[in-house]
Every structure is written in structure tokens, then in C-alpha cells.
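So the structure is just underneath, and the comments pick up after that.
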Amino acid sequence: MIDKVWGVDRLPPPFATPDGRRIGEIWFDPPPELARLLVKYLFTSEKLSVQVHPSAADGQQGKEECWLVISAEPGAKLAIGFVQPITPDEMRAAALDGSIEGLLDWQDVSAGDFIYLPAGTVHAIGAGLTLIEVQQNADITYRLFDYGRPRELHLDQAIAVANGSPHDPALRRRVSQKQSASLVDGPHFRLDWLVGKPDADIAARYNDAPVIIIPLTCAIEIGGTQVAPGSCASADRLSAVRFAPDGKALVAQPL
Ligand SMILES: O=P(O)(O)OC[C@H]1O[C@](O)(CO)[C@@H](O)[C@@H]1O
């Protein structure tokens, strides 16, 4: 569990809040065979920084990420990309005077919204949200603006890797309560939304390679061990996991 200035004093069920902590993130460290993927829960009571992550093409460890909204208070928002294209110089000036917040594309979100963020996408997460984040396992965040909070900014690094464009709407969707769906299929990992047992197409794509499973509404079973919602587990292969008939879960695999 990671304390964050923007975290929550009381975690939602099924999580228990340690006394006196303000938890923003729960990380599920992967086993060595899945080391390129990191799963986190994020809990927000304030906005996160306006930030960006680099890609491997920037000569750094890349961090592409995606979010599934688990719960959202009314009016909760995510900011993804810019409303209008912006130059690096304009981005720098807007980060320095704080107007960058208003140049981002803030959108209302609710449970079931899913968004993929290529590295270089300037973004911010609003207050009142619980998200699952699945990401390349790199802890590199360059902050452009932090609402005056006394945390370090990384303007030069951020502007060097940031994309000053709007986010591609094709990278956003809503998951169905009735049907499984492929949410991400490369380049760095695949991620599927599962309703019940994976169908033949999903099973074929995941093949016999190790997977990460995130149960959301019902426990899953791996080798006789129950894994409850709020947790995360790995398995040698997807066929080793038993799913509840209508249970919702996420399955991921590095590529
Ligand atoms: O710099 P902040 O505001 O604490 O945000 C960092 C967090 O933001 C995220 O990149 C989500 O966008 C997390 O993976 C990361 O831990």
C-alpha cells in the first residue's frame, strides 16, 4: 500500500485501511515470469498531478498504462490528452502558470469506463475515483503541474516525451456487464475483460503462457486456492484458473 497526498483516508470495501494512513495505491508486485506487468488499484480524494510517462522510443523504460473505472463519485473526471493541439513551448508556459489543467480534455467517467494511454499522453486523474491500472512495470512519472503541492516537477523531461495532441477516442470504451471483450492487444501487453469463463477465442490468444488475473465480483480458484475480489493472482496458464459462471474479472499477459 502506498500513501499519497491525493489518496483516501478510508478505503472502500473489501479493502481495510491501516490506521492513520492516506492510501493512494495498492500495488500487486508480479512474479518474475510476469515482471513486465504491474497491476495497481488507485483511490483518489484529490486530483493527481498533470503528468506524462515516457516510452521505450524515448530511450527510457516505457510506461504505457490503462485504467478500468471501478467506482466513481458523481462528477468524477479523468483528463486525457489536450482538447486542442499544443506546442512544446505552449505546454511549458501552461505548466508554469497552471493553465495546463484547463487545456486537458476532462471527461466525466463512471464504473465500466476503460481508457488506454499510450506513453506520451498527458493526463491527470480526478478526485472521487477507484481505478484498476494495468501498466508496463516502470515507475517513471514526469509531473508538469501539481496544483501548488510541494512535490517535485519534471518539466524538461516531461516536455521532451509529451505528446501535445488530443487522445485518440478509439482508445476508450465501456465494458459490458454481459459479455467478455478484448481491451488491449499489444504492443506491450494484452488485457481482456471476462464475464464468466473465457471463451475459445480468448483461451487461444492467451495460449499456455502465464497470466495475471484480477477477480472483480466473485472469487476465482487457482490450484485449489481461492482468490477474492480486491486481490490479484498469477497462474501458469489461463486454463489453470476456475471462474464463477457470471463473475467479472480481468486477465492480462505481457507480450
Ligand atoms: O505523481 P502523482 O500525482 O503521485 O501520480 C503518480 C501516479 O500516477 C499514475 O501514473 C497514474 O496515472 C500512477 O501509476 C502513479 O503511481
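The values are calculated or read from the model by the stated rules, or taken from the named source; none is laboratory data. Remember, predicted model here, so these are calculated numbers, not experimental data. So basically every Cβ, Gly included, is an ideal-geometry build from the backbone, and we count neighbours across all protein chains shown. These accessible areas exclude ligands, DNA and RNA; they are computed on the full protein's heavy atoms, side chains included. Shrake-Rupley method; radii C 1.70, N 1.55, O 1.52, S 1.80 Å.
On the given criteria, is LEU171 open to solvent by 20 Å² or more (accessible area, probe 1.4 Å), more than 19 Å from the chain's Cα centre (by Cα) and either of a type in the set (A, V, I, L, M) or over 29 Å from PRO31 (Cβ atoms) (or both)? Before the answer, list the steps.
Numbers: open to solvent by 20 Å² or more (accessible area, probe 1.4 Å): yes; more than 19 Å from the chain's Cα centre (by Cα): no; either of a type in the set (A, V, I, L, M) or over 29 Å from PRO31 (Cβ atoms) (or both): yes.
It is false that LEU171 is open to solvent by 20 Å² or more (accessible area, probe 1.4 Å), more than 19 Å from the chain's Cα centre (by Cα) and either of a type in the set (A, V, I, L, M) or over 29 Å from PRO31 (Cβ atoms) (or both).
For residues that are assigned to a helix (DSSP H, G or I) and open to solvent by 40 Å² or more (accessible area, probe 1.4 Å), tally how many sit in the range 94-130. Walk me through how you get there before you give the answer.
Within the range 94-130, the subset assigned to a helix (DSSP H, G or I) is 94-97, 100-103.
Applying the additional criterion that residues be open to solvent by 40 Å² or more (accessible area, probe 1.4 Å) yields 96-97, 101-103.
Result for the range 94-130: 5.
Of everything in the range 149-171, what is over 15 Å from TYR116 (Cβ atoms), in contact (Cβ under 8 Å) with a residue 12 or more places away in the chain and within 14 Å of the ligand (Cβ to nearest atom)? Give them in sequence order.
ARG149, ARG151, LEU153, HIS154, LEU155, GLN157, ALA158, VAL161, ALA162
Looking at the range 52-72, is at least one residue assigned to a strand (DSSP E or B) and more than 21 Å from GLY128 (Cβ to Cβ)?
Scanning the range 52-72, I find at least one residue that is assigned to a strand (DSSP E or B) and more than 21 Å from GLY128 (Cβ to Cβ), so the answer is yes.
Quick one: THR87 ticks every box in (1) open to solvent by 50 Å² or more (accessible area, probe 1.4 Å); (2) of a type in the set (Ser, Thr, Tyr); (3) in contact with a Phe, Trp or Tyr (Cβ under 9 Å, 6 or more places away or on another chain) bar one, so which box is it?
(3)
Give the range 102-119 a look and list any residue that's of a type in the set (Val, Ile, Thr) and either outside the structural domain of ASN163 (by TED's automatic domain parsing) or within 13 Å of the ligand (Cβ to nearest atom) (or both), or say none.
Residue satisfying the conditions is ILE115 alone.
Can ASP139 be described as open to solvent by 40 Å² or more (accessible area, probe 1.4 Å) and within 11 Å of the ligand (Cβ to nearest atom)? Write out each step before concluding.
Working: open to solvent by 40 Å² or more (accessible area, probe 1.4 Å): yes; within 11 Å of the ligand (Cβ to nearest atom): yes.
Here the answer is yes, as ASP139 does meet what is asked.
Taking the residues in the range 1-23 that are assigned to a strand (DSSP E or B) and under 20 Å from LEU216 (Cβ atoms) as candidates, determine which candidate is least open to solvent (accessible area, probe 1.4 Å).
Just the residues of the range 1-23 that are assigned to a strand (DSSP E or B), to begin with: 2-8, 23.
This time we only want the ones that are under 20 Å from LEU216 (Cβ atoms), so: 8, 23.
Details: VAL8: 21, ILE23: 0 Å².
For the range 1-23, the residue satisfying everything is ILE23.
In the range 12-56, how many are within 21 Å of LYS77 (Cβ to Cβ) and away from the ligand (no atom under 13 Å from the Cβ)?
1
What number goes with the only condition from (1) open to solvent by 70 Å² or more (accessible area, probe 1.4 Å); (2) modelled with pLDDT of 95 or more; (3) not basic (Lys, Arg) that ASN207 does not pass?
Going through (1) open to solvent by 70 Å² or more (accessible area, probe 1.4 Å); (2) modelled with pLDDT of 95 or more; (3) not basic (Lys, Arg) one by one, ASN207 breaks only (2).
Here is a list of conditions, (1) closer than 30 Å to LEU96 by Cβ; (2) exposed (fewer than 15 other Cβ atoms within 10 Å of the Cβ), and ASP246 meets all of them except one; can you say which number that is?
Answer for ASP246: the failing condition is (1).
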